[in-house]
Amino acid sequence: MSKTRILGFILSATAAISLLAACSGGNDNHASMSSMSTSPAASPGAHNTADTTFAQQMIPHHQQAVEMAKLVPSRTKNPKVIALAQQIQQAQAPEIQLMTGWLGQWGAAAPMAGMSGMPGMMSDADMTSLGKATDAAFDKQWLQMMLSHHQGAIDMANTELKQGTSPEAKQLAQRIITAQQAEITTMNTLLA
């Protein structure tokens, strides 16, 4: 384990312990839910381990979705699939930057490349197969894979809503659920 990762873990654990002591077990559901921006949070310690895990896992999860979206223009001429891929890319790329900023503020380690085992993540074999497909076969495979990928993101976001304490991270989790559920509906329609 690298010194940076150990330091990030120690800082995260210390912040979580401090937060628990300060909150004395209270549940502050009426904390300010002001509109989210990329500006730093009021207190870099206003998070817990669940918030850190959410960001560390959602970043590579989003990165894979963006990678899948980038394949679309060269593999299909279906305008609805192309538009959906652009929508996914435009939504998730800024969220990656936002979560990366949080990890920096929280003194937490950046996610490691090649993280697997997260809900909805595609294997290297899946990605290779997708990269070889074209036209209608690509559309079907891409939509089915993205459906699974989105459901995984929704599962992770629901965990954040239940276990996280950062208002900003919880707000992003809710946005992910809302946006990706709507995209799942679109994908199911396209598959039908």
Practice problem: Scan (1) under 24 Å from Ser74 (Cα atoms); (2) modelled with pLDDT of 95 or more for the single condition Ser166 breaks and write down its number. | Solution: (1)
Quiz prompt | Residues that are touching a helix residue (DSSP H, G or I) at 6+ places or on another chain (Cβ under 6 Å) and either without any contact (Cβ under 8 Å) to a residue 24 or more places away in the chain or more than 20 Å from Glu67 (Cα to Cα) (or both), drawn from segment 134-156 | solution = Gln141
Exercise. Please verify whether segment 95-118 includes one or more residues that are in contact with a helix residue (DSSP H, G or I) (Cβ under 8 Å, 6 or more places away or on another chain) and under 21 Å from Leu190 (Cβ atoms).
Key: no
Quiz prompt | Number of positions in segment 74-95 that are crowded, with 19+ Cβ neighbours inside 10 Å and free of Cβ contacts under 8 Å to residues at least 60 places away in the same chain | solution = 2
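The values are calculated or read from the model by the stated rules, or taken from the named source; none is laboratory data. Values in this document were obtained by computation on a predicted structure and should not be read as measured data. Please note: Cβ atoms are built from the backbone with ideal geometry, for glycine as well, and neighbour counts cover all protein chains shown.
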